[in-house]
Every structure is written in C-alpha cells, then in structure tokens.
C-alpha cells in the first residue's frame, strides 16, 4: 500500500522560511517577557481527562483529542461508557496544565509566580485560515497576585512584545465577567440563563445589536428582559463614558470596586504603554472559557479583523485542585495568527547576520577540503553564517535557490584553482 505523504488534516508542516520567522518571534517573546520577570516552565502535552473535562473550558471541551487506555487497561469487550476507554487527553490550552503544575509545585515556587509557557495544543476544530488542529500557544500568567497589578503587568508585557514584533495600531478590548453578570441580572435574566445570554452576546460583532436582540427573543427570553438589556447597550453608545454610565445604571447589581478597578487598569496601561495601541472598554466582550471570574481582555488586529489573543482572571481554578483558592490571571498571544500576519507582510528579521555560501566543486578533497572548511569555521566565529555545499551541475539554478533563502555572497572553490 502506498503511504500518504500529506500531513494529517489541520496539522501543518513548517518550511524553513516560516521556521526562521517563528524562531525569531519566539526569541523576542522570551527575551521581552523575561524583562518583566516571567520565567519559563514546561508541562506535558497530555493531561488527565477529568482535568480537561471539568466544565471550565467552554466549547473547547467538545474538541478534545482523547487518548484511549493502553495495554491491559483497555478492554473493548467489557467497555460500557467512554470512561472505560479513555483516561488521558491532549491539552486544548495551556491554562489547565499550568494550574495543575502550580497546584503540584506551589511549595517550590515564588509568590506571586510569574509563568511563561510556550507549547503546542490540540483541538479537534474545523481548520481554516490561521486556525489549525495543532498549534502553538504562548501564555504568561501571574498566580498569587490579587490586585490589578497582575492585569496591568500582563497587558503591558504582552503589548510591548507585540510592538517589538512590528505591530502597531492594534487594540486591547477589556471587560469584566462581573459586569456581564450584573448587566444580565439587572435586565431580569435568571442566573441559570446567563451562559446562554453571553453566548448570544458574543455574536455582536457578527450579527449586530439587532441580531442579538432577535436571537435572544427567539431563544424564549422575555421581551421585557431583552429590551431592558439592549437599552443598556444603546445607553452606553450615547454616553461620553460608557463604563461610568453603566456602573451608575446597574449599581444595585454590581460592586463599585469593579468599575474603579477596570478604570484603574485602563488608565495605568494608557499612561505607561511602550507600544502603539489603544485600550477600550468593550461591554460585549465575553471570552469563551467558563473559568474566568473577573477581568477579561483580548487583542484585536485590524489586519486580521479578528482576535489575536486574549485572557483574563481565573481566581477559582486552583481551588479545584487544592481546595484553597489562589488569585490567578493570564494572557495568551495567538502565536499562529501573529506568524501568519508576519509572513503575509513579508517581514524581514532585523539585524540578521550576513549569509555566505562556499560552493565546492565535486572532487575537491583531502587537505584542500580541510582548508576550505577551516576557513568557513573562522568566518563563522566572526559572526557570519556560512553554508558549505557541493557545487551542482546547474550552478546558476543552485545560486538562485540559495539567494531566495537569503544568502547574499558566494565563494567558489575548484580542484585546480580558487575562484570568487
């Protein structure tokens, strides 16, 4: 049987040109985050299935690649449910593994703990532009810091990094899950219906305000509640300060420190930012993960017309593992989408070292070959990238290919004489 040379659907192969950009981006990310005090960790690609399926991952829990039991543990004949067949799953994000890691190692970690984690995750999703079934995520998280300092540091570190990768005029949208809940309660929705309301609200950028209103009513919610809910958004559109208007309107359903805390984050980021971006309050921002408990935020790139990363506060999650709650907040860069935009824009790595090729005619051997390699070693030691290769019959085509890879200079070595 002939083997299939194509990769599995939704999983991509990375050619050298893209790999070079990825390696550069990773180096910038790690260097910048390190300056903000974040330290690298690594977690396994597989997690216990009960950790991944604890009803905190939102829609992503439907996309888990599940791992069957192995050896004697797998008995297909007696299996009566999925639990009899599955014990592990491929991680769908880096937050669940981080929290398990922290819960297992907290005694050996500083407090607060500022974590940087980069690695592949897997989701059985429908592949599309910038979306794959295997993709890299880049997360920074702060565990043990209850104040707004965590959000401010996370946003500043992330936006500084995005700016260093060549992006500007992007936007940070910010909201708070407590605001979402207070708006729904004020409007008269039952608490059990909040998640359904938020799922519909999350479509605002695609179907507009009228579409959200229609879908809420078609879902069976009372017209009075829907009308009161939509009036909040209309009022914010007309207000000079949407956040202050909202806080005043729903003050009986929301603690005052929610509005003041969000304002402090926005004002602090604006006053100290190192990149060219805007940060705005977005009352329609939901974020899909059920584990968010407070502030939520995302990056919007005008070039992509979509989110390029996001995060928020998840103060209840560590307690699921340890029984003791620990404040936690994180921000994830949409690494694959960032790379996509860099590739499409023709990004050039700044201050890249000179690239030289030594082409050696076939037949050059012995001491002469050693002398050429020694010269290459000396040139490399001086900071130049040197590729040593045998000369092809079609030397012109060989050079064209190498020039396409960024090589600028060529030296040619022959059996009889040295030519440049």
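The values are calculated or read from the model by the stated rules, or taken from the named source; none is laboratory data. All values derive from a computational prediction rather than experimental measurement. All Cβ positions, even for glycine, are placed from backbone atoms using ideal geometry, and neighbour counts span all protein chains on display.
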**Request:** Only residues that are part of a strand (DSSP E or B) and under 24 Å from residue 23 (Cβ atoms): list them for region 132-144, please.
**Result:** 134, 135, 136, 137, 138, 139, 140, 141
**Residue in region 265-277 that is part of a strand (DSSP E or B), within 20 Å of residue 158 (Cβ to Cβ) and either in the same structural domain as residue 102 (by TED's automatic domain parsing) or modelled with pLDDT under 95 (or both) present** = yes
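Residue-wise test of (1) more than 28 Å from the chain's Cα centre (by Cα); (2) within 30 Å of residue 50 (Cα to Cα); (3) exposed (fewer than 15 other Cβ atoms within 10 Å of the Cβ); (4) assigned by TED's automatic domain parsing to the domain that holds residue 52.
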site: 336; (1), (2), (3), (4): no, yes, no, yes
site: 359; (1), (2), (3), (4): yes, no, no, no
site: 362; (1), (2), (3), (4): yes, no, yes, no
site: 365; (1), (2), (3), (4): yes, no, yes, no
site: 373; (1), (2), (3), (4): yes, no, yes, no
site: 378; (1), (2), (3), (4): yes, no, yes, no
site: 392; (1), (2), (3), (4): yes, no, yes, no
site: 399; (1), (2), (3), (4): yes, no, no, no
site: 407; (1), (2), (3), (4): yes, no, no, no
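Can you find even one residue in region 141-150 that is surrounded by fewer than 22 Cβ atoms within 10 Å (Cβ to Cβ), touching a helix residue (DSSP H, G or I) at 6+ places or on another chain (Cβ under 7 Å) and assigned by TED's automatic domain parsing to the domain that holds residue 249?
yes
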**Request:** Go through region 201-242 residue by residue and tally those that are touching a helix residue (DSSP H, G or I) at 6+ places or on another chain (Cβ under 8 Å) and touching a residue at least 40 places away in the same chain (Cβ under 8 Å).
**Result:** 8
**Message:** Looking at 42, 31, 50, can you tell me which residue is farther than 30 Å from residue 402 by Cβ and free of Cβ contacts under 8 Å to residues at least 24 places away in the same chain?
**Reply:** 50
**Asked** Any residue at all in region 362-373 that is part of a loop (DSSP other than H, G, I, E, B), out of contact with any strand residue (DSSP E or B) (no Cβ under 9 Å at 6 or more places or on another chain) and closer than 30 Å to residue 109 by Cβ?
**Response** no
**Item:** Of the criteria (1) assigned to a loop (DSSP other than H, G, I, E, B); (2) surrounded by 15 or more Cβ atoms within 10 Å (Cβ to Cβ); (3) at negative phi, which one residue 388 fails
**Value:** (1)
**Residue, surrounded by the fewest Cβ atoms within 10 Å (Cβ to Cβ), within region 348-357, restricted to residues that are out of contact with any helix residue (DSSP H, G or I) (no Cβ under 6 Å at 6 or more places or on another chain) and farther than 23 Å from residue 416 by Cα** = 351
**Prompt:** Does residue 143 fit the bill of being more than 21 Å from residue 285 (Cα to Cα) and more than 17 Å from the chain's Cα centre (by Cα)?
**Reply:** yes
**Request:** Check 330, 310, 319 and return the single one that is assigned to a helix (DSSP H, G or I), within 30 Å of residue 262 (Cβ to Cβ) and either in the same structural domain as residue 134 (by TED's automatic domain parsing) or modelled with pLDDT of 95 or more (or both).
**Result:** 319
